[in-house]
2 protein chains.
Amino acid sequence: MTSDVDEIARSILDRLVGAWNVADGKAWGAEFIDDADFVNIFGMQLRGRREIEQRHQYLFDVLFKGSTCEVAVVDTRLLAPTIILAHSTSVAKIPSGPMAGQQASRQSIVFLRSDGGSWQIAALHNTLITSQL
Amino acid sequence: MTSDVDEIARSILDRLVGAWNVADGKAWGAEFIDDADFVNIFGMQLRGRREIEQRHQYLFDVLFKGSTCEVAVVDTRLLAPTIILAHSTSVAKIPSGPMAGQQASRQSIVFLRSDGGSWQIAALHNTLITSQL
């Protein structure tokens, strides 16, 4: 089961990376359930796929324009038959603007299995990795 | 069900606030499952109740010494029969040190019901609320 769980998480995260790297907000949003929640690095809570799509299209077009992203899965576990909890880390390389440079962050992700058996993200929470105090 | 779910989340968060306000790392940790994950505002992932207890006792004794905390539940939902997903916001009033002042943050929390029917936190992720870019 563990390798299946890993593979489910990894394949969805790979598709998110693919969407980021071609700046496609709609493809990004497609990995989330209709009423998913997304808490971003500013502590802002996006509600629902449409808002998640729109905010990310803005990021891809403006704040993170021209950026690329890589993600590494840290851990995954099946918390319930229809729920996977995963953690990952990512590095975004942002060419210009107020966040220019390499931005490392850590994600907690809750995946939900639909009645049809497919998996999507129900909740994602992202925090920049900064110096510990 | 919604009010039950709200009440489960609220009562556990109330106990966390109580633990914070008397600087009790052990009482803080007691709200987490043995192998819980906690991603803090620095993007650091704490693994397991013992590490969560120890880090928070350090915070209560040093970095956040003399601080108080308030939490407001933003939303809750039953994602599976044994899983609640909740979001909350908190304000910590920190009297001194490098983080002195009022620090607002937003949490995503996954609660897990044990076979015995009690609920604990399986995963918590916390991000400071900062200005949007």
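The values are calculated or read from the model by the stated rules, or taken from the named source; none is laboratory data. These figures come from a predicted structure and were not determined experimentally. Heads up, the Cβs are rebuilt from the backbone with ideal geometry, glycines too, and the neighbour counts pull from every protein chain shown. Ligands, DNA and RNA are excluded from the accessible area calculation, which covers all protein heavy atoms including side chains. Shrake-Rupley method; radii C 1.70, N 1.55, O 1.52, S 1.80 Å.
Points to keep in mind about this one:
- Taking θ as phi - 60° and the Karplus parameters 6.51, -1.76 and 1.60, the scalar couplings of the stretch B:73-79 work out to 6, 8, 7, 9, 7, 7, 8 Hz in sequence order, x denoting glycine and proline.
- Summed over both chains, the contact between B and A buries some 3100 Å² of accessible surface at a probe radius of 1.4 Å.
- The residues packed around A:PHE64, meaning those with a beta-carbon under 12 Å from its beta-carbon, carry a net charge of +2 if Lys and Arg are +1 and Asp and Glu are -1.
- Per residue solvent-accessible surface (Å²) - the stretch B:41-123, probe of 1.4 Å: 43
- Cβ-defined net charge surrounding B:HIS125, 11 Å radius [Lys, Arg +1; Asp, Glu -1]: +1
- Relative to the dominant Cα principal axis of chain B, helix B:49-58 is inclined by about 20°.
- Listing of the stretch A:34-71 residues, each with accessible area lower by at least 10 Å² in the full protein assembly than in the chain alone (probe 1.4 Å): A:ASP35, A:ASP37, A:VAL39, A:ILE41, A:PHE42, A:GLY43, A:MET44, A:GLN45, A:ARG47, A:ARG55, A:TYR58, A:LEU63
- Counting Lys and Arg as +1 and Asp and Glu as -1 over every other residue whose Cβ lies under 12 Å from the Cβ of B:LEU13, the net charge comes to -3.
- Taking the charge dipole of chain A about its Cα centre, with +1 at Lys and Arg Cβ atoms and -1 at Asp and Glu Cβ atoms, the residue from A:GLY66, A:ALA19, A:SER114 reaching farthest to the positive side is A:GLY66.
- Candidate cross-link partners of B:LYS93 among the lysines, defined by an alpha-carbon separation under 19 Å and a same-chain spacing of 8 or more, comprise B:LYS65.
- With a 1.4 Å probe rolled over the protein heavy atoms of all chains, the accessible area of B:TRP119, A:TRP28 falls in the order B:TRP119, A:TRP28, largest first.
- Across the identical copies, how the A:ASP115 labels are spaced - nm, sorted shortest first, 7 Å along Cα→Cβ: 3.0
- Inter-copy spacing of A:TYR58 label points, which lie 7 Å from Cα along Cα→Cβ, given in nm from shortest upward: 3.6
- Think of chain A as having a plus end and a minus end, set by charges on the Cβ of Lys, Arg, Asp and Glu; of A:VAL5, A:LEU85, A:HIS125, A:HIS125 sits farthest toward the positive end of this dipole.
- For chain B, with all protein chains in place and a probe radius of 1.4 Å, 52% of the accessible heavy-atom surface sits on carbon or sulfur.
- Positions from the stretch B:73-95 whose accessible area shrinks by 50 Å² or more when the full protein complex is built, not the chain alone, probe 1.4 Å: B:ARG77, B:LEU79
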